[in-house]
Amino acid sequence: MSNEVQYLTTEKHAQLTQELHMLKTERRKEVAEHLEYAKKLGDLSENAEYHQAREEQAEVEDRIGRLENLLKHATITRVHGKDVVTIGSTVSLEKDNKPMVFTIVGSEESDMTQGKISNLSPLGSALLGHKKDDRITVMTPKGKAEYLIAAIK
C-alpha cells in the first residue's frame, strides 16, 4: 500500500469513511456468519462454501486496509481561488475550437464520464499551475494536443 498523499474532495472523503464504517461493522459480521455456517458443513478441505467465505473475508479485510491507508494519507482539496489551476479546480478548455470542461481531482476519484480527471493524468498534471488564457501542450498516445485554458472555476 502506498503512503503517497491522496487528494480527495470532502464528498469523496465522507463516502469512503462511510464505506469503511460499513465494512468494519456490517460486512465483517456478515462474512463471519457465512464462515461459521460453512465450517459446520463438514470437511474443510473439500468445502467450496468455506473456501468462498475465506476468500470473501480476505477481500473485505484487504479493502478495509486499503481504505484505512487511503484515509490516513488523504488531503482534502479546497479550491484556492480562480487565478491558477489547482486540484479541485474546474477548468474550461478549448481544443480545435471545441469546448470541454474538466475538474481536477485526486486519482482515487477520477471519472472521465463525469468530467473528473486525475491530477496525475497527462492533461491534469499539465494544467496544474497554469492561468486563464494559457496554452498548454500535452503528449498523448495520438501525439501532441494543444489546449487553451478558457476559464477556471
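Quick check on the range 111-153: of everything there that is β-branched (Val, Ile, Thr) and touching a Ser or Thr at 6+ places or on another chain (Cβ under 8 Å), which residue is farthest from THR77 (Cα to Cα)? Don't jump to the end; show me each part of the working.
Here is the first cut: in the range 111-153, the residues β-branched (Val, Ile, Thr) are 113, 117, 136-138, 140, 149, 152.
In the following step, the residues that additionally are touching a Ser or Thr at 6+ places or on another chain (Cβ under 8 Å) were identified as 117, 149, 152.
Working: ILE117: 14, ILE149: 21, ILE152: 16 Å.
The selected residue is ILE149.
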If you scan the range 3-38, which residues turn out to be among the charged types (D, E, K, R) and touching a residue at least 24 places away in the same chain (Cβ under 8 Å)?
-> GLU4, LYS12, GLU19, LYS24, ARG27, ARG28
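Quick one: which residue in ASN47, ASN97 is of a type in the set (S, T, N, Q) and on the phi < 0 side of the Ramachandran plot?
Working: ASN97 fails: on the phi < 0 side of the Ramachandran plot.
Checking each option against the conditions leaves just ASN47.
Here is a yes/no grid of residues against (1) over 30 Å from LEU23 (Cα atoms); (2) within 23 Å of the chain's Cα centre (by Cα); (3) not in a helix (DSSP H, G or I):
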| position | (1), (2), (3) |
| --- | --- |
| GLN52 | no, no, no |
| VAL60 | no, yes, no |
| ILE64 | no, yes, no |
| LYS82 | yes, no, yes |
| VAL91 | yes, yes, yes |
| GLU94 | yes, no, yes |
| MET100 | yes, yes, yes |
| LEU123 | yes, yes, no |
| VAL138 | yes, yes, yes |
Odd one out for LEU35, checked against (1) surrounded by 14 or more Cβ atoms within 10 Å (Cβ to Cβ); (2) assigned by TED's automatic domain parsing to the domain that holds MET139; (3) over 28 Å from the mean Cα position of the chain (by Cα) = (2)
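Can you tell me which residue in the range 1-50 is modelled with the highest pLDDT, limited to those that are under 21 Å from GLU108 (Cα atoms), among the β-branched types (Val, Ile, Thr) and in a helix (DSSP H, G or I)? Let's see the steps before the verdict.
Just the residues of the range 1-50 that are under 21 Å from GLU108 (Cα atoms), to begin with: 1-24.
Retained after the next criterion (residues that are among the β-branched types (Val, Ile, Thr)): 5, 9-10, 17.
Narrowing the set further to residues that are in a helix (DSSP H, G or I) leaves 10, 17.
Working: THR10: 89, THR17: 97.
My answer is THR17.
The values are calculated or read from the model by the stated rules, or taken from the named source; none is laboratory data. Remember, predicted model here, so these are calculated numbers, not experimental data. Backbone-built Cβ (ideal geometry, glycine too); neighbour counts: all protein chains shown.
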